[in-house]
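**Student:** Shown below is the structure under consideration.
The values are calculated or read from the model by the stated rules, or taken from the named source; none is laboratory data. Owing to the predicted nature of the structure, the values given are computational and were not obtained by experimental measurement. Cβ atoms come from the backbone with ideal geometry, glycine included; neighbour counts cover every protein chain shown.
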């Protein structure tokens with residue numbers, strides 16, 4: 001992998017004029033730490049494709065710490081950055097512990113689907129809620145959904161209003177529960 | 001309270017008075033189903049009408065609900081289709097107007 005320049009990796013380091021030493025020492029530290037970071041990413045994660053992100057994250061944390069302390073020399077900043085890089089590698093390894101990566105995102109075909117989840121995440125899935133309900137209950141609920149009155153539904157199914165409502169009672173309760181849950185979440 | 005259920009000719013048919021716990025007076029679930037319709041109209045657009053039953057089946061559902069089967073309706077498809085829901089509402093409203101004018 002091509003070695004990024006320290007300027008590439010320190011792109012988001014913004015310091016006031018009296019803290020310019022942070023940027024200067026960090027550039028040196030990045031040069032020192034880079035080979036070790038690459039090796040650590042390879043040996044712990046199995047690949048080094050995220051090494052830039054790892055080092056950038058470590059730099060961000062280092063800047064936060066350096067801004068609040070006394071000025072340090074390049075060696076001390078290198079040690080700090082080394083520690084933060086290893087912490088970041090371990091954190092990513094734990095987070096990805098149960099995932100298996102096959103290939104990379106670059107190999108995926110382009111898609112026009114944005115995120116279908118967004119569209120239905122707040123809609124009730126009646127198919128799932130009514131799974132397992134007998135056909136007469138499903139039909140009765142479809143008719144009620146189509147704005148038939150319960151008495152009309154009973155007539156269509158050849159039964160009484162009380163009977164059809166009793167048959168649908170449990171399913172309706174489940175729909176209500178789900179709907180109330182959705183409203184609480186939103 | 002124990003209520004003895006008298007069965008009529010259908011196994012599951014019981015009379016209204018035998019189930020006082022069902023709130024008939026002020027609750028016929030209209031609001032619930034209106035809310036469901038709103039959600040389906042908002043979240044399940046189906047402009048390509050994938051899986052939709054024939055409009056004639058929906059008309060038949062409104063005119064003769066006892067003649068329509070779940071299979072003809074593609075089971076619960078309507079619960080996931082804004083287009084079918086919209087058409088059903090229109091057909092139902094038309095029928096109400098027709099009945100009112102007669």
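Matching residues to (1) surrounded by 13 or more Cβ atoms within 10 Å (Cβ to Cβ); (2) part of a helix (DSSP H, G or I); (3) facing another protein chain (nearest Cβ under 8 Å); (4) modelled with pLDDT under 90:
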{"position": "B:6", "(1), (2), (3), (4)": "no, no, no, yes"}
{"position": "B:9", "(1), (2), (3), (4)": "no, no, no, yes"}
{"position": "B:14", "(1), (2), (3), (4)": "yes, no, yes, yes"}
{"position": "B:22", "(1), (2), (3), (4)": "yes, no, yes, yes"}
{"position": "B:28", "(1), (2), (3), (4)": "yes, no, yes, yes"}
{"position": "B:61", "(1), (2), (3), (4)": "yes, yes, yes, no"}
{"position": "B:78", "(1), (2), (3), (4)": "yes, yes, yes, no"}
{"position": "B:83", "(1), (2), (3), (4)": "yes, yes, no, no"}
{"position": "B:98", "(1), (2), (3), (4)": "no, yes, no, yes"}
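**Student:** Same structure, new question: Which of the helices (runs of 4 or more DSSP H) found entirely inside the stretch A:133-186 contain at least 3 residues meeting this: surrounded by fewer than 17 Cβ atoms within 10 Å (Cβ to Cβ) and more than 9 Å from chain B (Cβ to nearest Cβ)? Outline the logic, then answer.
**Tutor:** Numbers: elements: A:135-145, A:150-157, A:161-185.
Because the criterion is at least 3 residues that are surrounded by fewer than 17 Cβ atoms within 10 Å (Cβ to Cβ) and more than 9 Å from chain B (Cβ to nearest Cβ), the helices (runs of 4 or more DSSP H) in the stretch A:133-186 that meet it are A:161-185.
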